[in-house]
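First up is the structure itself, then whatever we jot down about it.
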Amino acid sequence: MTASESEEPALRRAVCPGSFDPITNGHLDIIARASKLYDVVHVAVMINQSKQGLFTVDERIDLIRRATAEYGNVQVESFHGLLVDFCKQRDIPAIVKGLRAVSDFDYELQMAQMNNGLSGVETLFVPTNPTYSFLSSSLVKEVAAWGGDVSHLVPPFVLDALTERLRKKS
């Protein structure tokens with residue numbers, strides 16, 4: 001047996017980046033689909049110092065870990081800086097992004113081209129399930145803040161955390 005015959009094949013890795021403030025069923029749809037295509041899916045929670053989120057980064061990581069616990073190949077962590085640096089540090093060749101509408105594509109295509117130009121990392125676009133085509137964390141927070149029902153848009157424990165956070169905030 002040669003050395004190359006005994007080596008295991010390299011793991012196929014991808015990253016699903018975002019702020020996830022909070023994670024929604026739309027995010028989970030994309031993560032679940034990526035987890036079927038890749039051996040390891042990194043969920044990278046962006047740290048943006050200039051933006052004050054409703055949830056802390058640690059709280060978002062905890063909610064995402066709970067929401068993705070059924071997938072044995074999802075790893076959740078935070079990142080600060082360029083996504084391509086996150087990818088280089090972890091040997092991740094692909095970014096998976098969900099697209100809701102043409103307006104998403106315009107912005108995401110520019111980001112994909114920049115990321116590829118900087119590091120050769122590829123971006124794969126996954127069309128969002130039509131059920132979630134309108135969904136964003138910002139919209140969920142706004143509707144919930146006005147007392148609207150978002151129970152069908154986030155996991156139950158995320159709804160509980162969101163309701164509690166908004167109650168404390170007001």
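Quick one: is G148 at positive phi and not basic (K, R)? No, not satisfied. When the test is whether a residue is β-branched (V, I, T) and farther than 30 Å from L109 by Cα, T163 passes it. Quick one: would you say A112 is free of Cβ contacts under 8 Å to residues at least 24 places away in the same chain, out of contact with any Phe, Trp or Tyr (no Cβ under 6 Å at 6 or more places or on another chain), farther than 18 Å from C16 by Cβ and surrounded by 13 or more Cβ atoms within 10 Å (Cβ to Cβ)? Answer is no for this residue. Being farther than 24 Å from E59 by Cβ and surrounded by fewer than 17 Cβ atoms within 10 Å (Cβ to Cβ) is a description that does not apply to G81.
The residue pairs whose first member lies in the range 38-55 and is surrounded by fewer than 19 Cβ atoms within 10 Å (Cβ to Cβ), whose second member is of a type in the set (G, A, S), and whose beta carbons are closer than 8 Å, counting only pairs six or more residues apart or on different chains, are V40/A14; I47/S78; N48/S19; K51/S19; G53/S19. In summary, I31 fulfils each of the numbered conditions (1) free of Cβ contacts under 8 Å to residues at least 12 places away in the same chain; (2) closer than 18 Å to N129 by Cα with the single exception of condition (1). For the range 130-151, the set of residues classified as free of Cβ contacts under 8 Å to residues at least 24 places away in the same chain and in a loop (DSSP other than H, G, I, E, B) consists of W146, G147, G148, D149, V150, S151, listed by residue number. Taking (1) touching an Asp or Glu at 6+ places or on another chain (Cβ under 9 Å); (2) touching a residue at least 24 places away in the same chain (Cβ under 8 Å) in turn, I23 satisfies each apart from (1). Scanning the range 152-170 for residues that are small (G, A, S) and assigned to a loop (DSSP other than H, G, I, E, B) yields a single hit, S170. When you look at R13, is it within 19 Å of Q75 (Cβ to Cβ), among the charged types (D, E, K, R), modelled with pLDDT of 95 or more and buried (at least 22 other Cβ atoms within 10 Å of the Cβ), yes or no? No; evaluated as a whole, the condition is false for this residue. Can we say V158 is buried (at least 17 other Cβ atoms within 10 Å of the Cβ) and farther than 19 Å from D21 by Cβ? It is false that V158 is buried (at least 17 other Cβ atoms within 10 Å of the Cβ) and farther than 19 Å from D21 by Cβ. The single residue among I23, I64, I31 that is modelled with pLDDT of 95 or more, on the phi < 0 side of the Ramachandran plot, crowded, with 22+ Cβ neighbours inside 10 Å and in contact with a His (Cβ under 9 Å, 6 or more places away or on another chain) turns out to be I64.
Quick one: S133 ticks every box in (1) surrounded by 14 or more Cβ atoms within 10 Å (Cβ to Cβ); (2) at pLDDT 95 or above; (3) of a type in the set (G, A, S) except a single one, so which number is it? Every condition holds for S133 apart from (2).
The values are calculated or read from the model by the stated rules, or taken from the named source; none is laboratory data. Remember, it's a predicted structure, so these values are computed and weren't measured experimentally. Cβ coordinates were reconstructed from backbone atoms using ideal geometry, including for glycine residues, and neighbour counts include every protein chain displayed.
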